[in-house]
Amino acid sequence: MGNINCVEKKIERIVKRSLVPEDPIHAKNTLEWLLKLEPHVDNALKIAALGHDIERAIEKRKVRREDYREYDEFKKAHALNSARILMEIMEECKVRKELIEDVFYLVSHHEAGGNRRADILKDADSVSFFHINLPYYFKRNSVEETRKRCLWGYRRLPDKFKRVVAEFCYQNKEVELLVRSCINGSE
(Lines give C-alpha, C1' and ligand atoms only; values in the text may rest on other atoms or scores of the structure.)
Protein backbone atom coordinates (compact mmCIF):
# COMPACT_ATOMS: atom_id res chain seq x y z
CA MET A 1 0.00 0.00 0.00
CA GLY A 2 2.98 2.31 0.52
CA ASN A 3 3.56 2.52 -3.24
CA ILE A 4 0.01 3.79 -3.82
CA ASN A 5 0.50 6.37 -1.08
CA CYS A 6 3.73 7.50 -2.81
CA VAL A 7 1.83 7.99 -6.09
CA GLU A 8 -1.01 9.91 -4.44
CA LYS A 9 1.39 12.24 -2.60
CA LYS A 10 3.37 12.98 -5.79
CA ILE A 11 0.17 13.68 -7.73
CA GLU A 12 -1.09 16.02 -5.00
CA ARG A 13 2.26 17.89 -4.85
CA ILE A 14 2.35 18.40 -8.61
CA VAL A 15 -1.31 19.35 -9.02
CA LYS A 16 -1.12 21.78 -6.10
CA ARG A 17 1.46 23.80 -8.10
CA SER A 18 -0.79 24.13 -11.16
CA LEU A 19 -1.31 27.60 -12.61
CA VAL A 20 -4.89 26.52 -13.33
CA PRO A 21 -6.46 27.47 -9.98
CA GLU A 22 -9.20 24.85 -9.97
CA ASP A 23 -6.91 21.89 -10.75
CA PRO A 24 -6.28 20.77 -7.13
CA ILE A 25 -9.99 20.99 -6.30
CA HIS A 26 -11.00 19.30 -9.56
CA ALA A 27 -8.63 16.36 -8.98
CA LYS A 28 -10.16 15.63 -5.57
CA ASN A 29 -13.68 16.38 -6.76
CA THR A 30 -13.33 13.96 -9.69
CA LEU A 31 -12.33 11.26 -7.20
CA GLU A 32 -15.33 12.16 -5.02
CA TRP A 33 -17.69 11.91 -8.01
CA LEU A 34 -16.07 8.65 -9.07
CA LEU A 35 -16.82 7.20 -5.63
CA LYS A 36 -20.40 8.49 -5.78
CA LEU A 37 -20.94 6.97 -9.21
CA GLU A 38 -19.17 3.69 -8.37
CA PRO A 39 -18.50 3.28 -4.63
CA HIS A 40 -16.33 0.17 -4.88
CA VAL A 41 -13.59 1.15 -7.32
CA ASP A 42 -10.07 -0.20 -7.43
CA ASN A 43 -6.78 1.64 -6.90
CA ALA A 44 -6.26 2.13 -10.63
CA LEU A 45 -9.45 4.16 -10.95
CA LYS A 46 -8.68 6.16 -7.80
CA ILE A 47 -5.20 7.07 -9.07
CA ALA A 48 -6.60 7.84 -12.52
CA ALA A 49 -9.23 10.16 -11.04
CA LEU A 50 -6.67 12.09 -9.00
CA GLY A 51 -4.14 12.39 -11.80
CA HIS A 52 -6.18 12.50 -15.00
CA ASP A 53 -5.31 16.18 -15.69
CA ILE A 54 -1.81 16.20 -14.18
CA GLU A 55 -0.15 17.43 -17.37
CA ARG A 56 -1.90 20.80 -16.99
CA ALA A 57 0.12 21.37 -13.81
CA ILE A 58 3.51 20.99 -15.51
CA GLU A 59 3.96 24.07 -17.69
CA LYS A 60 6.95 22.78 -19.67
CA ARG A 61 5.07 19.59 -20.62
CA LYS A 62 1.58 21.02 -20.96
CA VAL A 63 -0.40 20.38 -24.16
CA ARG A 64 -1.60 23.68 -25.64
CA ARG A 65 -5.05 24.04 -27.19
CA GLU A 66 -3.75 26.38 -29.88
CA ASP A 67 -1.50 23.61 -31.24
CA TYR A 68 -4.54 21.58 -32.40
CA ARG A 69 -7.15 22.39 -35.01
CA GLU A 70 -9.78 20.06 -33.56
CA TYR A 71 -10.86 20.14 -29.94
CA ASP A 72 -11.08 16.33 -29.78
CA GLU A 73 -7.47 16.05 -31.03
CA PHE A 74 -6.37 18.41 -28.27
CA LYS A 75 -8.27 16.40 -25.64
CA LYS A 76 -6.77 13.13 -26.89
CA ALA A 77 -3.24 14.59 -26.70
CA HIS A 78 -3.96 15.98 -23.22
CA ALA A 79 -5.15 12.57 -21.99
CA LEU A 80 -2.15 10.73 -23.44
CA ASN A 81 0.28 13.26 -21.98
CA SER A 82 -1.26 12.93 -18.51
CA ALA A 83 -1.11 9.13 -18.81
CA ARG A 84 2.61 9.27 -19.66
CA ILE A 85 3.36 11.55 -16.72
CA LEU A 86 1.45 9.26 -14.35
CA MET A 87 3.32 6.26 -15.71
CA GLU A 88 6.62 7.98 -14.84
CA ILE A 89 5.38 8.78 -11.33
CA MET A 90 4.22 5.21 -10.77
CA GLU A 91 7.53 3.83 -12.01
CA GLU A 92 9.37 6.14 -9.57
CA CYS A 93 7.14 4.81 -6.79
CA LYS A 94 7.84 1.22 -7.89
CA VAL A 95 4.20 0.37 -8.56
CA ARG A 96 3.65 -3.02 -10.16
CA LYS A 97 3.54 -3.10 -13.96
CA GLU A 98 -0.10 -4.26 -14.23
CA LEU A 99 -1.34 -1.32 -12.18
CA ILE A 100 0.76 1.11 -14.24
CA GLU A 101 -0.71 -0.29 -17.47
CA ASP A 102 -4.24 -0.11 -16.07
CA VAL A 103 -3.88 3.52 -14.97
CA PHE A 104 -2.22 4.41 -18.27
CA TYR A 105 -5.19 3.00 -20.21
CA LEU A 106 -7.76 4.72 -18.00
CA VAL A 107 -6.14 8.16 -18.12
CA SER A 108 -5.33 7.98 -21.82
CA HIS A 109 -9.05 7.28 -22.40
CA HIS A 110 -10.57 9.59 -19.78
CA GLU A 111 -11.82 12.07 -22.37
CA ALA A 112 -13.48 9.58 -24.69
CA GLY A 113 -14.17 6.51 -22.57
CA GLY A 114 -14.08 3.17 -24.30
CA ASN A 115 -14.98 0.56 -21.73
CA ARG A 116 -17.05 0.52 -18.54
CA ARG A 117 -14.21 1.69 -16.27
CA ALA A 118 -12.93 4.40 -18.63
CA ASP A 119 -16.53 5.56 -19.06
CA ILE A 120 -16.96 5.91 -15.29
CA LEU A 121 -13.82 8.05 -15.12
CA LYS A 122 -15.01 10.16 -18.09
CA ASP A 123 -18.38 10.69 -16.43
CA ALA A 124 -16.86 11.63 -13.05
CA ASP A 125 -14.52 14.09 -14.80
CA SER A 126 -17.40 15.58 -16.81
CA VAL A 127 -19.67 16.03 -13.79
CA SER A 128 -16.77 17.59 -11.88
CA PHE A 129 -16.18 20.03 -14.73
CA PHE A 130 -19.70 21.37 -14.28
CA HIS A 131 -19.51 21.14 -10.49
CA ILE A 132 -16.11 22.82 -10.00
CA ASN A 133 -14.34 23.98 -13.16
CA LEU A 134 -16.99 25.82 -15.14
CA PRO A 135 -17.02 29.16 -13.25
CA TYR A 136 -13.21 29.32 -13.48
CA TYR A 137 -13.30 28.36 -17.16
CA PHE A 138 -15.81 31.13 -17.81
CA LYS A 139 -13.50 33.73 -16.22
CA ARG A 140 -10.63 32.74 -18.56
CA ASN A 141 -12.57 32.28 -21.80
CA SER A 142 -15.12 34.03 -23.94
CA VAL A 143 -18.82 33.32 -23.63
CA GLU A 144 -18.76 31.52 -26.99
CA GLU A 145 -15.76 29.35 -26.04
CA THR A 146 -17.42 28.50 -22.72
CA ARG A 147 -20.66 27.63 -24.52
CA LYS A 148 -18.77 25.27 -26.87
CA ARG A 149 -17.03 23.61 -23.91
CA CYS A 150 -20.31 23.24 -22.02
CA LEU A 151 -22.05 21.67 -25.00
CA TRP A 152 -19.11 19.32 -25.61
CA GLY A 153 -19.06 18.20 -21.97
CA TYR A 154 -22.80 17.96 -21.56
CA ARG A 155 -23.43 15.98 -24.74
CA ARG A 156 -20.97 13.28 -23.75
CA LEU A 157 -22.77 12.57 -20.47
CA PRO A 158 -25.28 9.73 -20.12
CA ASP A 159 -28.82 10.94 -19.39
CA LYS A 160 -28.67 10.06 -15.69
CA PHE A 161 -25.65 12.36 -15.23
CA LYS A 162 -27.17 15.09 -17.37
CA ARG A 163 -29.88 15.19 -14.73
CA VAL A 164 -27.21 15.60 -12.02
CA VAL A 165 -25.65 18.53 -13.89
CA ALA A 166 -29.08 20.11 -14.41
CA GLU A 167 -29.40 20.33 -10.61
CA PHE A 168 -26.26 22.46 -10.20
CA CYS A 169 -26.72 26.15 -9.48
CA TYR A 170 -24.13 28.84 -10.10
CA GLN A 171 -23.61 32.10 -8.23
CA ASN A 172 -22.65 33.87 -11.44
CA LYS A 173 -25.95 34.46 -13.26
CA GLU A 174 -24.24 34.61 -16.65
CA VAL A 175 -22.80 31.13 -16.08
CA GLU A 176 -26.18 29.93 -14.85
CA LEU A 177 -27.93 31.19 -18.00
CA LEU A 178 -25.21 29.76 -20.22
CA VAL A 179 -25.52 26.30 -18.68
CA ARG A 180 -29.33 26.40 -18.91
CA SER A 181 -29.14 27.38 -22.59
CA CYS A 182 -26.67 24.55 -23.24
CA ILE A 183 -28.89 22.03 -21.46
CA ASN A 184 -31.99 23.19 -23.30
CA GLY A 185 -30.22 23.45 -26.66
CA SER A 186 -28.59 20.05 -26.38
CA GLU A 187 -31.67 17.97 -25.63
Check: Between residues in segment 42-59 that are within 15 Å of Glu22 (Cβ to Cβ) and hydroxyl-bearing (Ser, Thr, Tyr) and residues that are at pLDDT 95 or above and not in a helix (DSSP H, G or I), which pairs lie under 9 Å by C-beta distance while being six or more apart or on different chains?
Finding: none
Next item on the list: Working carefully through the options Lys148, Lys139, Lys94, find the one that is surrounded by fewer than 16 Cβ atoms within 10 Å (Cβ to Cβ) and on the phi > 0 side of the Ramachandran plot.
Entry: Lys94
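For (1) assigned to a helix (DSSP H, G or I); (2) farther than 23 Å from Val164 by Cα; (3) touching a residue at least 24 places away in the same chain (Cβ under 8 Å), each residue gets a yes or a no:
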| position | (1), (2), (3) |
| --- | --- |
| Arg69 | no, yes, no |
| Ile85 | yes, yes, yes |
| Met90 | yes, yes, yes |
| Leu99 | yes, yes, yes |
| Asp102 | yes, yes, yes |
| Gly114 | no, no, no |
| Lys122 | yes, no, yes |
Checklist line | Pairs with Cβ under 7 Å, 6+ apart, first in segment 3-24 and under 20 Å from Asp125 (Cβ atoms), second acidic (Asp, Glu) | finding: Val15/Asp23; Leu19/Glu59; Asp23/Asp53
Note to self: Can you confirm whether Tyr170 is of a type in the set (Ser, Thr, Tyr) and either under 13 Å from the mean Cα position of the chain (by Cα) or within 21 Å of Asn81 (Cβ to Cβ) (or both)?
What the structure shows: no
Margin query: Within segment 125-144, take every residue that is in contact (Cβ under 8 Å) with a residue 60 or more places away in the chain and β-branched (Val, Ile, Thr) and give me the one that is farthest from Arg56 (Cα to Cα).
Written below: Val127
Next item on the list: Go through the residues of segment 11-26 one by one and say whether even a single one is under 17 Å from the mean Cα position of the chain (by Cα) and hydroxyl-bearing (Ser, Thr, Tyr).
Entry: yes
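Do we find that Lys46 is in a helix (DSSP H, G or I), closer than 30 Å to Glu176 by Cβ and more than 12 Å from the chain's Cα centre (by Cα) in this structure?
No.
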Next item on the list: Have a look at Tyr154, Tyr105 and point out the one that is buried (at least 21 other Cβ atoms within 10 Å of the Cβ) and touching a helix residue (DSSP H, G or I) at 6+ places or on another chain (Cβ under 9 Å).
Entry: Tyr154
Next item on the list: Could you please tell me which pairs satisfy a Cβ distance under 6 Å, a separation of 6+ or placement on different chains, a first residue in segment 158-186 that is surrounded by 12 or more Cβ atoms within 10 Å (Cβ to Cβ), and a second residue that is at pLDDT 95 or above and part of a loop (DSSP other than H, G, I, E, B)?
Entry: Glu176/Tyr170
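The values are calculated or read from the model by the stated rules, or taken from the named source; none is laboratory data. Bear in mind that the values here come from a model prediction, so they are computed numbers and not experimental data. FYI the Cβ positions are ideal-geometry reconstructions off the backbone, even for glycines, and counts take in every protein chain you see.
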